[in-house]
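A quick write-up on the structure given underneath.
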């Protein structure tokens, strides 16, 4: 029993060790390690030990994205006031907290993603797992928003809302990478304004009434 | 200015970002005061009204896309030079819009950025939504240890946007005010300086303290206390001043004595600043004054303070000397010093502008020419407007494409215009004190 927990603990540490080792390698060398073999050697663990957790650097990077996301969520849940937020505010709070988390790892992210940032339409590929988790979070938000009438249900379109929120996350990330303003104030403004726009668009608007009216005229002329 | 343009341009901005910025311009600076200056003034009837109205609409439509500091500039220049007739001014009152409030998560984030704590952790209570809009941010109310506090929070990235906003307005201002670029920059530099200062909250606290201490002896006024430990570059924490704004207070039908008391306090406050401190709270718009239950005047918001240079001060205020208006040579010299007329003017222009400015000064200085002045006198304000309109419609004035008046005059004029306006709203009769060297 005792050995089992000890072993488990050791395992967990290995995972953490690999993640941290990867980040510090990128920070110090400005690029990914040359190979898993070399990487494992530097960490003084066996190569196959690495494969127990991650089969490629892609997977490592992916895990780092997920870790950032989970930390963000943990912090959000710690805030008492978060539960009372409207959906719009929840999403804003998510982005603000997330950007704070990113800030702690800015150098790492810049090393890996800055050059490619302009070519990416959304977030980099190795954020796929993050995207999955985010989509769950976003769908929950959208569902809650529909319940509270903050978000209008529209056929076909409203199913894509979580996708739209994801694109917004990508936008904020890219904006932040290029942001040179002190304390990233411009990113804050960009978040505020883009989220307000997104939610205004998703909310019930004049367009809905217009479509409804047009439909009526078409059907009853 | 053009140098700054280049420096700013070095920041890489993608198309999307630029577009977003353009949209956001409107959100940045509250143009609230436009309303306050033009409103409450008496409506002079004008024959060209309709024409101006249409023009104003067009200009407004282009300007409304820029809003913020853009409108502030247009409005200030119009006030200073009286170039824009009433219809334009009225249209600009539409600039009164509410900047989209900071969302609560952004407020929380701002607090965390500076204090590593949320507002709930820092204060006993904290209002989730803003209770008031400030010119470049918003005000929340909080309590801590039995004290009620006002917390002013600035919109992120405002300071950066000031210069670019002003650049956006330049082409409009050029056409609107019929000035050449150099002349315009002469004023724009001044406006930019003040606006940038307004975004510096640390400076604001320092100045608030300095001026409130220097004015502490003046009867019937009150300043909030400022709390450094709870303030930062983007946040100011100060005492909450309970009371009513002038308009609401007037609705309670205060007695003439009470109104005079408030008016006198206001006058004394400005008198002391201008003549003894040589720096002045240059933002006398009604939102910055709160009348308390006991009839004392609370003064807040020292974001816009104009330091008055000595030589400008001497020239400017010797103009209010009543008998000076007779002495032409001396007067012309002052006009030169204050840049109302210059060597570039022809003799005809010189004569014309001297006479126009003499007339204006005689009128604007009226309150100083008597012991006591009754500001409820609407005729006085009517005369000012009529003169303004007459000058604006005069060919001579329109043809001249020179900036007239020292840049320092921009904010000093605005301050006095604001005070007159407030006193008019108060229907107050005040003892118009003058500095010793003028009597």
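The values are calculated or read from the model by the stated rules, or taken from the named source; none is laboratory data. What you see is a predicted model; the values in this text were computed from it and never measured. As a convention, Cβ positions derive from the backbone with ideal geometry for all residues, glycine included, and neighbour counts pool all protein chains shown.
Here is a yes/no grid of residues against (1) more than 14 Å from every other protein chain (Cβ to nearest Cβ); (2) over 23 Å from residue B:235 (Cβ atoms); (3) modelled with pLDDT of 65 or more:
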{"residue": "B:65", "(1), (2), (3)": "yes, yes, no"}
{"residue": "B:95", "(1), (2), (3)": "yes, yes, no"}
{"residue": "B:106", "(1), (2), (3)": "no, no, yes"}
{"residue": "B:148", "(1), (2), (3)": "yes, no, yes"}
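Mind checking which residues of the stretch A:79-119 are facing chain B (nearest Cβ under 10 Å), outside any loop (DSSP other than H, G, I, E, B) and out of contact with any helix residue (DSSP H, G or I) (no Cβ under 8 Å at 6 or more places or on another chain)? The one that is facing chain B (nearest Cβ under 10 Å), outside any loop (DSSP other than H, G, I, E, B) and out of contact with any helix residue (DSSP H, G or I) (no Cβ under 8 Å at 6 or more places or on another chain): A:84. For residue B:379, the criteria (1) in a helix (DSSP H, G or I); (2) touching a helix residue (DSSP H, G or I) at 6+ places or on another chain (Cβ under 9 Å); (3) under 30 Å from residue B:257 (Cα atoms); (4) without any contact (Cβ under 8 Å) to a residue 60 or more places away in the chain hold in every case but one, which is (2). Is there a residue being touching a residue at least 60 places away in the same chain (Cβ under 8 Å) and within 30 Å of residue B:258 (Cβ to Cβ) anywhere in the stretch B:348-364? Checked the stretch B:348-364: no residue is touching a residue at least 60 places away in the same chain (Cβ under 8 Å) and within 30 Å of residue B:258 (Cβ to Cβ).
Just one of the numbered conditions (1) closer than 20 Å to residue B:434 by Cβ; (2) touching a helix residue (DSSP H, G or I) at 6+ places or on another chain (Cβ under 8 Å); (3) in a helix (DSSP H, G or I) is not true of residue B:373: (3).
If the condition is being in contact (Cβ under 8 Å) with a residue 60 or more places away in the chain and surrounded by fewer than 18 Cβ atoms within 10 Å (Cβ to Cβ), then the stretch A:179-221 contributes only A:196. Checking each residue in the stretch B:207-235 for being part of a helix (DSSP H, G or I) and exposed (fewer than 15 other Cβ atoms within 10 Å of the Cβ) picks out B:210, B:213, B:214, B:228, B:229.
Scan the stretch A:35-54 and give yes if some residue there is in a helix (DSSP H, G or I), within 14 Å of chain B (Cβ to nearest Cβ) and either touching a helix residue (DSSP H, G or I) at 6+ places or on another chain (Cβ under 8 Å) or touching a residue at least 60 places away in the same chain (Cβ under 8 Å) (or both), otherwise no. Looking for residues that are in a helix (DSSP H, G or I), within 14 Å of chain B (Cβ to nearest Cβ) and either touching a helix residue (DSSP H, G or I) at 6+ places or on another chain (Cβ under 8 Å) or touching a residue at least 60 places away in the same chain (Cβ under 8 Å) (or both), one finds none in the stretch A:35-54, hence no.
Looking at residue A:154, is it over 23 Å from the mean Cα position of the chain (by Cα) and modelled with pLDDT under 90?
Numbers: over 23 Å from the mean Cα position of the chain (by Cα): yes; modelled with pLDDT under 90: yes.
When the stated conditions are applied, residue A:154 passes them.
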